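S.K.: Take this structure, written in structure tokens, and hold onto it; I'll ask about it next.
The values are calculated or read from the model by the stated rules, or taken from the named source; none is laboratory data. Nothing here was measured: the structure is a model prediction, and the numbers come from that model. Cβ placement follows ideal geometry from the backbone for every residue including glycine, while neighbour counts extend to all protein chains displayed. Protein only, heavy atoms only, side chains kept; ligands, DNA and RNA dropped before computing areas. Shrake-Rupley method; radii C 1.70, N 1.55, O 1.52, S 1.80 Å.
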Amino acid sequence: MSRMGDLVIDMISYESGELDSDDSMDLFATLIKTGMAWTLQGHYGRTARALIDRGLIDEDGDITPLVLEVDWL
């Protein structure tokens, strides 16, 4: 399956509450890296911005070491 197909499955799983914290963080990191976080429905952009503002993911979509210290969900 293509990466886009995997991403759609991950988003559906996220919305269904089926992703754990690590998988959710990976999803948002990917959405930020690709710029998709800013084009999807508002929840994705707001959550991405909150993760960046809390220092868990940087502006480039890289997960920071701080994520190991915080329970973000």
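S.K.: Before I look further, what does the chain give for accessible area per residue, probe 1.4 Å, in whole square angstrom? All intermediate terms of the calculation are to be shown ahead of the outcome.
M.R.: Values: 4450 Å² over 73 residues.
Per residue, the chain has 61 Å² of solvent-accessible surface.
S.K.: While we're here: Given only helices, namely DSSP H runs of n ≥ 4 each adding -39500 (n - 2.57), what is the per-residue ellipticity at 222 nm of the chain, to the nearest 500 deg cm²/dmol? Don't skip to the answer; put the middle values down first.
M.R.: Details: 3 runs with 39 residues, N = 73.
Value at 222 nm, helices only, nearest 500: -17000 deg cm²/dmol.
S.K.: Out of the total accessible area of the chain (probe 1.4 Å, heavy atoms of protein only), what percent is carbon and sulfur?
M.R.: With neighbouring chains kept in place, the figure for the chain is 52 percent.
S.K.: Something else now. So what is the relative contact order for the chain, in percent, with contacts set as C-alpha pairs under 8 Å and at least six apart? Can you show the working numbers first?
M.R.: On the way: 49 pairs, mean separation 17.9, N = 73.
The normalised contact order for the chain reaches 24 percent.
S.K.: Same structure again: In debye, nearest 20, what is the charge dipole magnitude of the chain about its Cα centre with +1 on Lys and Arg Cβ and -1 on Asp and Glu Cβ, if you could check?
M.R.: Working: 5 positive and 15 negative charges, 74 e Å.
Roughly 360 debye for the chain.
S.K.: If amide hydrogens are placed 1.01 Å from N in the peptide plane, which non-local residues have theirs closer than 5 Å to the one on residue 57?
M.R.: Answer set, sorted by chain and number: 52, 64.
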